[in-house]
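Contents: one structure, followed by commentary.
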Amino acid sequence: MQDTVRILYIGDIFGRPGRNIVKERLPELVSEYAPDLILANGENAAAGFGITPQLVDELLGLGIAVLTTGNHIWDKKEIFPYLAEHADGPLLRPANYPPQVPGRGLYVGKTRAGLQYAVINLQGRVFMPSIDCPFRTIDALLESIPESVKIRFVDMHAEATSEKLAMGWYLDGRVTAMVGTHTHVPTADEVVLPGGTAYITDLGMAGPFESVIGIEKDIAIRKFLSQIPERFEVAKGDVRLCAVLVEANAQTGRAVSIQRVVRK
C-alpha cells in the first residue's frame, strides 16, 4: 500500500509564455520530484485572460490531471458550453458561483497508482465579485466527498491575503492542502499548519515576471498614470514557472511537507 503521495501544484499559467515554460520544464520537474499528481491553475492560459477548450486539452496533454481556475474563467465565451458538457471533467470553475452557472468546483479522481483524491476550487469575495460564501460552500463540499478520499486539495483564488489565511486556518486538519492563487506573486509563507494542512498564500504564476502580474509593464504603468482603459498585452521577459510540492501521508491525508519550486 502506498505510504506517501507527492502533489505538484503549478501557479496561474499566464498566456503563451506560461504555457511554453510549463511544456519545457515540467518533464524535468517530473524527473526530479516524481509527483504522483500534477495540478495547475489555468484561468489565464489564453493570452492572459481565460482559457479555451483547445488549451484545456493541450495542458491536460502535458500530464496535468486537474485544472483549477478563477474569475477569468468566463473571459472566453467558448468555455461556457465546454463547462456545461464536461461538468464532471477535470476543468474546474470556482464552486461558490451560483448553482445555475455551468461547470463544477469539485473533481474526484484517482492517481495512476489508484489513489483517490479530490480537488476543490473556491473564489474569494474581498475586492472581487460578490458571489456565494466560500466558507459555507467548502463545508458542504467536504461533506459530499466520501470518507475514503483522504487526499483533498483546495485552490482558493482570492485577492486578499487575509481571506486566504482565514480559509487556511478554517480548513486546517480537514484538507491536505490549501493553496492560494490569483495575485501571480509567489509568497514565502509555505507551512504545514498544526492540524496537518499544507498552506501557502499564493503560488505565483507560470509566466513573465518582467511585467506587472504578467502584463507588459509600460502598458500597466500608463494605465495607473492615466486611469484610462488600456488594451493589455502579455509580457515576454523573465519567464518563470512557480509551483509548490506537497508531500502527504496517503492513509491519513495529512501533509508532511510543502516546498516552493521555481524554474526559469
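Just wondering, is there one or more residues in the stretch 195-202 that are open to solvent by 50 Å² or more (accessible area, probe 1.4 Å) and hydrophobic (A, V, I, L, M, F, W, C)?
Of the stretch 195-202, the ones open to solvent by 50 Å² or more (accessible area, probe 1.4 Å) are none.
There is no residue in the stretch 195-202 that is open to solvent by 50 Å² or more (accessible area, probe 1.4 Å) and hydrophobic (A, V, I, L, M, F, W, C).
Can you tell me which residue in the stretch 222-259 is surrounded by the fewest Cβ atoms within 10 Å (Cβ to Cβ), limited to those that are closer than 30 Å to P146 by Cα and charged (D, E, K, R)? Among residues in the stretch 222-259 that are closer than 30 Å to P146 by Cα and charged (D, E, K, R), the one surrounded by the fewest Cβ atoms within 10 Å (Cβ to Cβ) is R254. Of the residues that make up the stretch 174-188, is at least one open to solvent by 20 Å² or more (accessible area, probe 1.4 Å), farther than 21 Å from F135 by Cβ, out of contact with any strand residue (DSSP E or B) (no Cβ under 7 Å at 6 or more places or on another chain) and not aliphatic (A, V, I, L, M)? Taking every residue of the stretch 174-188 in turn, none turns out to be open to solvent by 20 Å² or more (accessible area, probe 1.4 Å), farther than 21 Å from F135 by Cβ, out of contact with any strand residue (DSSP E or B) (no Cβ under 7 Å at 6 or more places or on another chain) and not aliphatic (A, V, I, L, M).
Let me confirm something: among A206, A188, A177, which residue is touching a Gly at 6+ places or on another chain (Cβ under 6 Å) and closer than 30 Å to Q116 by Cα? First the steps, then the outcome.
Values: A188 fails: touching a Gly at 6+ places or on another chain (Cβ under 6 Å); A177 fails: touching a Gly at 6+ places or on another chain (Cβ under 6 Å).
Among A206, A188, A177, only A206 is touching a Gly at 6+ places or on another chain (Cβ under 6 Å) and closer than 30 Å to Q116 by Cα.
Filter the stretch 27-65 down to the residues that are closer than 24 Å to V212 by Cβ and over 17 Å from the mean Cα position of the chain (by Cα) and list them by number. Across the stretch 27-65, the qualifying residue is only A47. Residues of the stretch 224-264 being of a type in the set (G, A, S) and either touching a strand residue (DSSP E or B) at 6+ places or on another chain (Cβ under 9 Å) or under 21 Å from I21 (Cα atoms) (or both), which ones? Once the filter is applied, which keeps residues that are of a type in the set (G, A, S) and either touching a strand residue (DSSP E or B) at 6+ places or on another chain (Cβ under 9 Å) or under 21 Å from I21 (Cα atoms) (or both), the stretch 224-264 yields A235, G237, A243, A248, A250, G253, A255, S257.
Can you give me the number of residues within the stretch 6-39 that are over 24 Å from A118 (Cα atoms) and in contact (Cβ under 8 Å) with a residue 24 or more places away in the chain? Adding up the residues that qualify gives 11. The set of residues in the stretch 1-34 that are open to solvent by less than 10 Å² (accessible area, probe 1.4 Å) and either charged (D, E, K, R) or not in a strand (DSSP E or B) (or both) comprises G11, D12, F14, G15, G18, I21, V22, L26, L29. Pairs linking a residue in the stretch 177-189 that is more than 14 Å from V154 (Cβ to Cβ) to a residue that is buried (at least 22 other Cβ atoms within 10 Å of the Cβ) and at pLDDT below 95, with Cβ atoms under 7 Å and 6 or more positions apart or on different chains, are H184/G214.
The values are calculated or read from the model by the stated rules, or taken from the named source; none is laboratory data. Because the structure is a prediction, the values reported are computed rather than measured. With ideal geometry, Cβ positions are generated from the backbone for all residues, glycine too; neighbour counts draw on all protein chains shown. Calculation scope for accessible area: heavy atoms of the full protein, side chains included, ligands and nucleic acids excluded. Shrake-Rupley method; radii C 1.70, N 1.55, O 1.52, S 1.80 Å.
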